[in-house]
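The values are calculated or read from the model by the stated rules, or taken from the named source; none is laboratory data. Keep in mind the model is a prediction, meaning the values are calculated, not measured. Here the Cβ is made from the backbone with ideal geometry for all residues, glycine too, and neighbour counts use every protein chain on show.
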Amino acid sequence: MAIELGSAQERHVETVDGCRLRAEVAGDGRRAVLVQVGTPNAGVIHREWVRDAAARGLTLIAYDRPGYGGSSRRPGRTVADCAADVRRLGEVVGFERCAVWGFSGGGPHALACGALLGDLVAAVATIGSPAPFDAPGLDFSAGWPDEAREDHELFLADRAAWELQGEQQREQLLAMSAGELAEEWSADKAPVDGAVLQGEFGVWLHRAAQAAVASSVGGWLDDDVAWSHSPWGFDPASIAIPVKVWHGQEDRFVPFEHGRWLAEAIPGAEAELRDHDGHFTVVAQRIGEVHEWLAQYI
């Protein structure tokens, strides 16, 4: 039975391997746009995204990646593994064609859908997405905030200590108010992102992040391993459908050069690489640009 969640309905989907996915669907199922949320986020759909999508006749679908929120954990999952989950969502929700957008840690998963689900996915957009950790010609570690570099070094040096640190970060996140999260995540970041985090988007992000780790840190750890420490399981250069890359010069969460690399590595990709955008600018304030671009393909 679907449960009303304001502007979205909650669905529970069983995958072919017997795992559970929690999803949200906002719309009548036609002209589907699947959202791959960031890290760590549950698949909680922001009301402003729904309003914009509804005005364009689009249905938005998001889900908790394995280990987040209400979805079963799948330790050792790769970025590419999300393709089977998205195909299953299509079968259950009832869409035979869709577009996909993903932001931050959801960007690699959106690209996986484009590379591996060409019969299902018509177009892909990324917003502030990282590039592969083994991307040729890219210094993956350059430009990250100090805490991200330190996290990467700890992972390489002591996996057990890295996981313990993750559990401590989860506890801190669950104890934060929305205002405290905005202050914490604004530190040493661009003013444009700090301003966004102080508003309605910051309240949504707080809710999505806490929902992601409410029961466990597992999904957060698995997400990090999948996109920042392991091969993705596909080559972005193999994507043969339309792709557009949004990335801001003021992004101090994911280095700007990652967006530039994706735009150059994916054949025929369009790019919106703006000087004054931060990490959250597009997803919080201009999601209509993304929906407008994707809508032409579905």
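Take the conditions closer than 21 Å to ALA42 by Cα, surrounded by fewer than 23 Cβ atoms within 10 Å (Cβ to Cβ) and acidic (Asp, Glu) and apply them to GLU200. Does it pass?
So GLU200 fits the description; yes.
When you scan region 207-298 for helices (runs of 4 or more DSSP H) that lie fully inside it, which ones turn up with 2 or more residues that are of a type outside the set (Val, Ile, Thr), touching a residue at least 24 places away in the same chain (Cβ under 8 Å) and within 25 Å of GLY179 (Cα to Cα)?
Result: 218-228, 281-285.
State which residue is farthest from TYR68 (Cα to Cα) when the search covers only region 174-183 and only residues that are of a type outside the set (Asp, Glu) and not in a loop (DSSP other than H, G, I, E, B).
GLY179
Within region 247-257, can one find any residue that is surrounded by fewer than 17 Cβ atoms within 10 Å (Cβ to Cβ), touching a Ser or Thr at 6+ places or on another chain (Cβ under 9 Å) and of a type outside the set (D, E, K, R)?
no
Hey, can you tell me all the residues within region 144-173 that are crowded, with 16+ Cβ neighbours inside 10 Å and either part of a loop (DSSP other than H, G, I, E, B) or touching a His at 6+ places or on another chain (Cβ under 7 Å) (or both)?
Residues satisfying the conditions are TRP144, PHE155.
When residues of region 118-149 are filtered for being more than 19 Å from THR59 (Cα to Cα) and touching a Lys or Arg at 6+ places or on another chain (Cβ under 7 Å), how many remain?
2
When you go through ASP139, ASP188 one by one, which is the residue that is exposed (fewer than 14 other Cβ atoms within 10 Å of the Cβ), at negative phi and not in a helix (DSSP H, G or I)?
ASP139 is the lone residue from the list that is exposed (fewer than 14 other Cβ atoms within 10 Å of the Cβ), at negative phi and not in a helix (DSSP H, G or I).
Given the criteria at pLDDT below 95 and over 12 Å from the mean Cα position of the chain (by Cα), does GLY137 qualify?
The answer is no for GLY137.
Looking only at residues that are touching a helix residue (DSSP H, G or I) at 6+ places or on another chain (Cβ under 9 Å) and surrounded by fewer than 17 Cβ atoms within 10 Å (Cβ to Cβ) in region 85-105, which one is farthest from ILE298 (Cα to Cα)?
Only one residue fits best here, namely GLU96.
May I ask you to list the residues in region 16-48 that are in a loop (DSSP other than H, G, I, E, B), small (Gly, Ala, Ser) and modelled with pLDDT of 95 or more?
GLY38, ALA42, GLY43
Restricted to region 38-57, and to residues that are touching a His at 6+ places or on another chain (Cβ under 9 Å) and not small (Gly, Ala, Ser), which residue is nearest to LEU89 (Cα to Cα)?
Filtering first and then ranking leaves TRP49.
Results for (1) within 21 Å of PRO40 (Cα to Cα); (2) touching a Leu at 6+ places or on another chain (Cβ under 9 Å); (3) of a type outside the set (A, V, I, L, M), shown as yes or no for each residue.
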{"residue": "PRO231", "(1), (2), (3)": "yes, no, yes"}
{"residue": "PHE234", "(1), (2), (3)": "no, yes, yes"}
{"residue": "LYS244", "(1), (2), (3)": "no, yes, yes"}
{"residue": "ASP251", "(1), (2), (3)": "yes, no, yes"}
{"residue": "PHE256", "(1), (2), (3)": "yes, yes, yes"}
{"residue": "ARG260", "(1), (2), (3)": "no, yes, yes"}
{"residue": "LEU273", "(1), (2), (3)": "no, no, no"}
{"residue": "VAL283", "(1), (2), (3)": "yes, no, no"}
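Of all the residues that make up region 240-269, how many are among the aliphatic types (A, V, I, L, M) and either over 14 Å from ALA131 (Cβ atoms) or modelled with pLDDT under 95 (or both)? Outline the logic, then answer.
If we filter region 240-269 for residues that are among the aliphatic types (A, V, I, L, M), which is where we start, we get 240-241, 243, 245, 254, 262-263, 265-266, 269.
Remaining after also requiring either over 14 Å from ALA131 (Cβ atoms) or modelled with pLDDT under 95 (or both): 240-241.
The qualifying residues number 2.
Take the conditions assigned to a helix (DSSP H, G or I), of a type outside the set (A, V, I, L, M) and within 25 Å of GLY18 (Cβ to Cβ) and apply them to ASP85. Does it pass?
yes
Quickly run through region 42-84 and pick out the residues that are under 18 Å from the mean Cα position of the chain (by Cα), within 29 Å of GLU200 (Cα to Cα), surrounded by fewer than 20 Cβ atoms within 10 Å (Cβ to Cβ) and basic (Lys, Arg).
ARG47
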